[in-house]
Amino acid sequence: MPQLGLLPRRAWAALLSQLLRPPCASCTRAVRCHSQVAEAVLTSQLKAHQEKPNFIIRTPKGTRDLSPQQMVVREKILDLVVSCFKRHGAKGMDTPAFELKEMLTEKYGEDSGLMYDLKDQGGELLSLRYDLTVPFARYLAMNKVKKMKRYHVGKVWRRESPTIVQGRYREFCQCDFDIAGQFDPMIPDAECLKIMCEILNGLQLGDFLIKVNDRRIVDGMFAVCGVPESKFRTICSSIDKLDKMAWKDVRHEMVAKKGLAPEVADRIGDYVRCHGGESLVKQMFQDPRLSQNKQALEGLGDLKLLFEYLTLFGIAKKISFDLSLARGLDYYTGVIYEAVLLHTPTQAGEEPLSVGSVAAGGRYDGLVGMFDPKGHKVPCVGLSIGVERIFNIVEQRMKTFGEKVRTTETQVLVATPHKNFLHERLKLIAELWDAGIKAEMLYKNNPKLLTQLHYCESTGIPLVVIVGEQELKEGVVKIRSVASREEVAIKRENLVAEIQKRLSES
């Protein structure tokens, strides 16, 4: 609550007397009267705050505005991602930005503390959605959907320390693709990895690698190393930090902060340093400790099958079996994966930009059952594209090479060299709009022709339609190419057809 000291003494005394008086007889509820007074208090405090000389206009920490230029870049990224999802047969859907808090709790493990809780409004405890996966599982359970292939683009919120240079924000956009339903093993999982490859290749971010592992292998590894079952999830959360922290720091966290025996941590260290391709999967089948664990063998069997399908898809070289990959979220049950850029700069002159993983996902077969009263499960597998991190890379690249972005898609400017031609311009532009042509005009009665032409050059509009006294007498209009400055007169009735022809040829 804002400090009461911001109010002048007289104003505060008057408001206090209002709060302490009996409720109005005309009010059906006393609360209404008091809430109005409380609102007045808050309004006065905010005004006092805004009048301070050191008041700074800014966005909240971990958030940002996007300029028109940035939105163009962002929309191109999203268009590429969504077109890939649609190419693979996904349907679009949306869920509320906030959920009942009880729907989100106990789904994220240690990360549950990062959820944004909303103040109680109307008797419901609410939280902003932390990701798009849990709301999707809730949707499936609530609507008794047993099979679905969907994509979802939306904002999520996490109360963590933002590192803007790495593309980490408190409010950010996620692009998810998920396949729900009972299918033969590893076929949907392989398609998810194929989609990640298609998107990362299409974005031309440079060379990348997709790390894969399996939660059953992770749990099996913990078991054979001597981790108590009660510590599986918390140790998994520590292992998940290996992409950001050195092994010695992760080991210290597990031993000093989480009470793991040092010799157990060292045994884990022997495994998490292992990474390779299909040959490593075969090698782990022969491991004297891991091969004795049923869960680990199931995970290894699925990974062996997965690599067969990835080879058929032609992407096996982009995939690495990495035993350090853990994915900290509690709901993963099988195959997990994460895409990282091997080196962000792809051209000379670019500065290195560390952004971490740019896509991730995995299998979560038990999440829907957590919402179902009878515990009925719907197996699911999916992926999420890290739009903000990708956007940071593309934006950095554009700044380095001075690339300019056109912020509008206007194709034609309707102009005139004479005064008192507003009505003719309005009739012309309406005709173009009705034909589906993207057109603009300056909002002045009598704009100068040079001003109109400069506007076209500065905004990248390729064509100008000019109407004046001579054109009106002859029943023609002039079409001017902004790039070549060539002008041609055409009959008024042929205007739309001529513009459409020129635009189709450009």
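The values are calculated or read from the model by the stated rules, or taken from the named source; none is laboratory data. Treat the numbers as computed from the prediction; the structure is a model and nothing was measured. Glycine gets a Cβ as well: all are built from the backbone with ideal geometry, and neighbour counts include every protein chain shown. Areas reflect the complete protein model, heavy atoms only, side chains present, ligands, DNA and RNA absent. Shrake-Rupley method; radii C 1.70, N 1.55, O 1.52, S 1.80 Å.
Does G220 count as out of contact with any strand residue (DSSP E or B) (no Cβ under 7 Å at 6 or more places or on another chain), at negative phi and open to solvent by 20 Å² or more (accessible area, probe 1.4 Å)? No; evaluated as a whole, the condition is false for this residue.
Taking the conditions exactly as written (in contact with a helix residue (DSSP H, G or I) (Cβ under 8 Å, 6 or more places away or on another chain), surrounded by 12 or more Cβ atoms within 10 Å (Cβ to Cβ), within 28 Å of P68 (Cβ to Cβ) and free of Cβ contacts under 8 Å to residues at least 60 places away in the same chain), does I499 satisfy them or not? Against the criterion (in contact with a helix residue (DSSP H, G or I) (Cβ under 8 Å, 6 or more places away or on another chain), surrounded by 12 or more Cβ atoms within 10 Å (Cβ to Cβ), within 28 Å of P68 (Cβ to Cβ) and free of Cβ contacts under 8 Å to residues at least 60 places away in the same chain), I499 does not qualify. Quick check: anything in the stretch 412-422 charged (D, E, K, R) and open to solvent by less than 30 Å² (accessible area, probe 1.4 Å)? For the stretch 412-422, residues charged (D, E, K, R) and open to solvent by less than 30 Å² (accessible area, probe 1.4 Å): absent. For the stretch 170-190, taking the residues that are under 21 Å from the mean Cα position of the chain (by Cα) and surrounded by fewer than 20 Cβ atoms within 10 Å (Cβ to Cβ), the one that is nearest to H275 (Cα to Cα) is identified as Q174.
R485 fulfils the conditions (1) more than 29 Å from Q69 (Cα to Cα); (2) outside any helix (DSSP H, G or I); (3) open to solvent by 90 Å² or more (accessible area, probe 1.4 Å) except for a single criterion, (1).
Do we have S458 as of a type in the set (S, T, Y), outside the structural domain of V73 (by the TED database) and free of Cβ contacts under 8 Å to residues at least 12 places away in the same chain here? Judged against the criteria, S458 is a match. Could you tell me whether the stretch 160-168 includes any residue that is under 30 Å from F371 (Cα atoms), surrounded by fewer than 21 Cβ atoms within 10 Å (Cβ to Cβ) and more than 21 Å from the chain's Cα centre (by Cα)? Within the stretch 160-168, none of the residues are under 30 Å from F371 (Cα atoms), surrounded by fewer than 21 Cβ atoms within 10 Å (Cβ to Cβ) and more than 21 Å from the chain's Cα centre (by Cα).
Taking the conditions exactly as written (out of contact with any Cys (no Cβ under 8 Å at 6 or more places or on another chain) and either buried (at least 20 other Cβ atoms within 10 Å of the Cβ) or at pLDDT 90 or above (or both)), does I210 satisfy them or not? Spelling it out, it is not the case that I210 is out of contact with any Cys (no Cβ under 8 Å at 6 or more places or on another chain) and either buried (at least 20 other Cβ atoms within 10 Å of the Cβ) or at pLDDT 90 or above (or both).
Restricting attention to the stretch 115-133 and to residues that are under 20 Å from R168 (Cα atoms) and aliphatic (A, V, I, L, M), the residue that is most open to solvent (accessible area, probe 1.4 Å) turns out to be L128. Has the stretch 268-280 got any residue that is free of Cβ contacts under 8 Å to residues at least 12 places away in the same chain, among the charged types (D, E, K, R) and open to solvent by 70 Å² or more (accessible area, probe 1.4 Å)? Taking every residue of the stretch 268-280 in turn, at least one turns out to be free of Cβ contacts under 8 Å to residues at least 12 places away in the same chain, among the charged types (D, E, K, R) and open to solvent by 70 Å² or more (accessible area, probe 1.4 Å). Checking every residue in the stretch 307-318 against the condition of being farther than 26 Å from S112 by Cβ, open to solvent by less than 10 Å² (accessible area, probe 1.4 Å) and either under 28 Å from the mean Cα position of the chain (by Cα) or at pLDDT 95 or above (or both) gives at least one match. Applying the criterion of being under 21 Å from E409 (Cβ atoms) and surrounded by fewer than 14 Cβ atoms within 10 Å (Cβ to Cβ) to the residues of the stretch 449-482, the residue that is nearest to the chain's Cα centre (by Cα) is S458.
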